[in-house]
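Below is one structure, written out as structure tokens; comments come after it.
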Amino acid sequence: ETVQLINTDGKLLKTIKYAAGTFSSDPQYRLVEPAFSGSGKNMVAGDRSGSDIIVYDVPTSTQQLHLKNAHIGSITGIEFLNENIFISGSGDERFKLWGIDGKLSGEFFLLENNEWVFSTADGRFDGSAGAIKKLYYAQGFQTIPMDNLYEKFYTPNLLVNILQNGEMPAPDVD
């Protein structure tokens, strides 16, 4: 199967092949509009009827990465934020920030009244005061209010720092 890249004049620029069955076999299946890195070297595409994301190397037309079950819900959008980081949105009401290597950098949660939280897998977070008071971490069957971890894990401008500097050192945990 293929994805064809066509310019606005209708000229075929590139054909990218992918293995049959890479995405959902659902007849209603459609790719989310693919996104390209600023240099045009990388392309990401998502499965609108599934939850997979594929990263392609455009010059060689090769699949670099297949993120299976990247979201709980169907992928609704993908966009590069810089050359090495892209964001995906889904019906699970989360936005996920990914490195081009497939590493999940963090998740962005939007709540009512413009409340928000961005959190990383190592527990760091930034967000609006109202959202931090509403969200919890789960450890086994125990829930821990996010604001109880404020002193140790709250990281102002966390998303901006990740976008500007890439990975940040993990927090010191006792």
The stretch 43-86 - Rg and Dmax from Cα coordinates, angstrom
10.6, 31
To the nearest 20 debye, what is the magnitude of the charge dipole of the stretch 84-140 about its Cα centre, counting +1 on the Cβ of each Lys and Arg and -1 on the Cβ of each Asp and Glu?
100
3J(HN,Hα) from dihedral phi, the stretch 140-149, Karplus parametrisation 6.51/-1.76/1.60, rounded to Hz, x for glycine, proline
x, 9, 9, 9, 10, x, 4, 5, 6, 9
Kindly write out, for the stretch 97-112 in residue order, the coupling ³J(HN,Hα) from the Karplus curve 6.51 cos²θ - 1.76 cosθ + 1.60 (θ = phi - 60°), rounded to whole Hz, with x marking Gly and Pro.
9, 10, x, 4, 7, x, 6, 6, 8, x, 10, 10, 10, 9, 10, 5
Rounded accessible area per residue of the stretch 91-169, 1.4 Å, Å²
60
The ³J(HN,Hα) series, computed from each phi in the stretch 64-81 with the Karplus coefficients 6.51, -1.76 and 1.60 at θ = phi - 60°, rounded to the nearest Hz and given as x for glycine or proline, is 9, 7, 10, 8, 7, 6, 5, 9, 7, x, 5, 5, 10, x, 9, 8, 6, 9
Quick one: grab the alpha carbon gyration tensor of the stretch 87-150, order the square roots of its eigenvalues as a ≥ b ≥ c, and give me rounded if a/c is under 1.5, else prolate or oblate depending on whether a/b is larger than b/c.
oblate
Convex hull projection area averaged over all views, the stretch 51-174, Cα basis, nm²:
8.8
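The values are calculated or read from the model by the stated rules, or taken from the named source; none is laboratory data. Quantities reported herein were computed from a predicted structural model and do not represent experimental measurements. Heads up, the Cβs are rebuilt from the backbone with ideal geometry, glycines too, and the neighbour counts pull from every protein chain shown. The area values use the complete protein model at the heavy-atom level, side chains included, leaving out ligands, DNA and RNA. Shrake-Rupley method; radii C 1.70, N 1.55, O 1.52, S 1.80 Å.
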